[in-house]
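Engineer: Have a look at this one.
The values are calculated or read from the model by the stated rules, or taken from the named source; none is laboratory data. Just so it is clear, the model here is predicted, and its values are computed rather than measured. Note that each Cβ is placed from the backbone with ideal geometry, even for glycine, and that neighbours are counted across all protein chains shown.
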Amino acid sequence: MYFRQLGIDECTIQRIETEHHGNVREQCYQLLMVWERMRTNKTKLSQIEWSLELIRKLKYHIDERLKAMPDGLKQQCHSILDEHSLEMAEKLPRLNS
């Protein structure tokens, strides 16, 4: 089935087939809605990754471009950015080991 190729898990497909037994049009609609939610989640993931990259670049600019900045202030900035980086990293999905 086409929806398996889109990455929709077998359990979700079977649940929708059972809930809308015999109504292929509704099954397709519901599966397309699931796929759209999956795509939205991927967009959010890329936004998290973009945020982490922005934090990395800010830290680089603090170190390399703002050499006149007092060391204590640099450390505070790094501490704040590290805290936000950890918050963003917690939102990333974990890989199964």
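Engineer: Select from the stretch 23-36 the residues that are within 19 Å of the chain's Cα centre (by Cα) and at pLDDT 85 or above and write down the one among them that is surrounded by the most Cβ atoms within 10 Å (Cβ to Cβ).
Structural biologist: This residue is Val34.
Engineer: Under 8 Å by Cβ, and 6 or more places apart or on different chains, what pairs join a residue from the stretch 58-75 that is at pLDDT 85 or above and of a type in the set (Lys, Arg) with one that is in a helix (DSSP H, G or I) and surrounded by 10 or more Cβ atoms within 10 Å (Cβ to Cβ)?
Structural biologist: Final answer for the pair search is Lys59/Cys77; Lys59/His78; Lys59/Leu81; Lys74/Ile62; Lys74/Asp63.
Engineer: I'm trying to understand the selection: among the residues of the stretch 79-97, which are at pLDDT below 75 and not aliphatic (A, V, I, L, M)?
Structural biologist: Pro93, Arg94, Asn96, Ser97
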